[in-house]
Amino acid sequence: MASLLQKPHPKDHEGNIIRVSPESAGWKYVGFEVYQLSSGEILRKDTNENEVCIVLLSGKADVQTKDQNFENIGERMSIFEKIPPYSVYVPNQDQFMIEAKTKLEVAVCLAPGKSHYKARLIEPKDVDQEERGSGKMSRRIHHILPEQKEADSLLVVEVFTPDGNTSSYPPHKHDQNNLPEESYLEETYYHRVNPSQGFVFQRVYNDDRSLDETVSVENRDVVLVPEGYHPVSSVPGYESYYLNVMAGPVRTWKFHNDKDHEWLF
């Protein structure tokens with residue numbers, strides 16, 4: 001099994017700092033990449049067998065696909081402005097070009113496509129916002145590509161957790177293809193921390209503890225969740241952001257709570 005904690009690497013010739021593939025993760029469905037581009041730089045990719053959700057984490061860009069051209073999209077210059085991002089859905093057997101109009105950080109979320117849908121722009125007004133939990137379990141959710149919106153495999157959401165709070169909590173899992181009770185979904189967490197020198201903790205564990213790892217997560221780290229429960233705890237003074245990408249054999253989020261902690265609901 002791949003290490004659950006994936007560290008960013010120096011920018012390569014394409015601007016890539018993070019690359020997770022099914023092959024590198026040791027699973028089947030989810031791919032995830034992050035690119036940093038300077039103004040005027042261009043990223044070109046074929047989608048091949050994958051559908052793609054391009055999330056403009058910060059900055060502005062032009063995005064083109066085979067049939068669509070979305071000019072000067074993007075609004076937030078920092079993730080921690082906490083406004084929903086602009087995103088672009090691109091089907092499999094398509095292509096995209098991203099031209100940075102400002103300094104740009106962009107996530108490319110990948111999962112198997114079935115050619116059911118066309119490329120489209122996902123604007124901030126299309127992103128449902130939710131305040132979930134209460135007290136020290138409260139956090140803000142941006143539903144970028146939920147199961148109610150058109151896609152073949154991908155589920156994409158971002159979460160803001162205030163300093164000192166815990167999210168993806170009470171602990172839940174989605175590692176059994178046992179519908180309607182539970183769905184199998186692989187998941188990546190792309191973490192950002194504000195201020196950037198901070199850290200958060202994430203635990204990934206299953207019922208029999210054959211998997212039980214707690215990692216100290218720094219800014220721009222990725223955590224892989226191949227199975228099990230996966231809560232995140234921020235520490236005082238540092239607020240947490242993460243972008244979740246999920247995919248599996250059936251595009252639905254049906255989770256199972258850790259019975260030891262269900263009382264927290």
Quiz item: If r is the Cβ-Cβ distance from ASP67 to SER24 and R0 is 41 Å, what FRET efficiency results, to the nearest 0.05?
Solution: 0.85
Quiz item: Tell me, in nm to one decimal, what length is gained between LYS11 and PHE199 on full extension, where the rule is 0.36 nm per residue of separation less the Cα-Cα distance?
Solution: 65.5 nm
Practice problem: Return the loop-located GluC sites (Glu not before Pro) in segment 173-219 (DSSP other than H, G, I, E, B) with at most 12 other Cβ atoms within 10 Å of their own Cβ; answer none if there are none. | Solution: GLU181
Self-check item: Cross-link table LYS136/LYS173; LYS149/LYS259; LYS28/LYS101; LYS7/LYS82, entries beyond 32 Å C-alpha to C-alpha
Solution: LYS28/LYS101
Practice problem: Enumerate the calculated ³J(HN,Hα) couplings along segment 32-40 in order (Karplus 6.51 cos²θ - 1.76 cosθ + 1.60, θ = phi - 60°), each rounded to whole Hz, writing x wherever the residue is Gly or Pro. | Solution: 8, 9, 10, 10, 10, 10, 8, 3, x
Quiz item: Among 253-265, 196-208, 236-248, what's the highest-first ranking by average C-beta atoms within 10 angstrom per residue?
Solution: 236-248, 196-208, 253-265
Exercise. Return the FRET efficiency for the residue pair GLU131, PHE255: r is the Cβ-Cβ distance, R0 is 22 Å, and the value is rounded to the nearest 0.05.
Key: 0.70
Quiz item: Rounded to the nearest whole Å², what accessible area per residue is found for the chain with the 1.4 Å probe?
Solution: 44 Å²
Practice problem: Sort the following peptides by mean Cβ neighbour count (other Cβ atoms within 10 Å, averaged over residues), highest first: 98-111, 130-143, 156-169, 33-46. | Solution: 98-111, 156-169, 33-46, 130-143
Quiz prompt | Solvent-accessible area, 1.4 Å probe, carbon plus sulfur percent, for segment 183-265 | solution = 49 percent
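The values are calculated or read from the model by the stated rules, or taken from the named source; none is laboratory data. Remember, predicted model here, so these are calculated numbers, not experimental data. Because the Cβ atoms are built from the backbone with ideal geometry, glycine has one as well, and the counts that use them run over all protein chains shown. Keep in mind that these areas ignore ligands, DNA and RNA; they rest on the heavy atoms of the full protein, side chains included. Shrake-Rupley method; radii C 1.70, N 1.55, O 1.52, S 1.80 Å.
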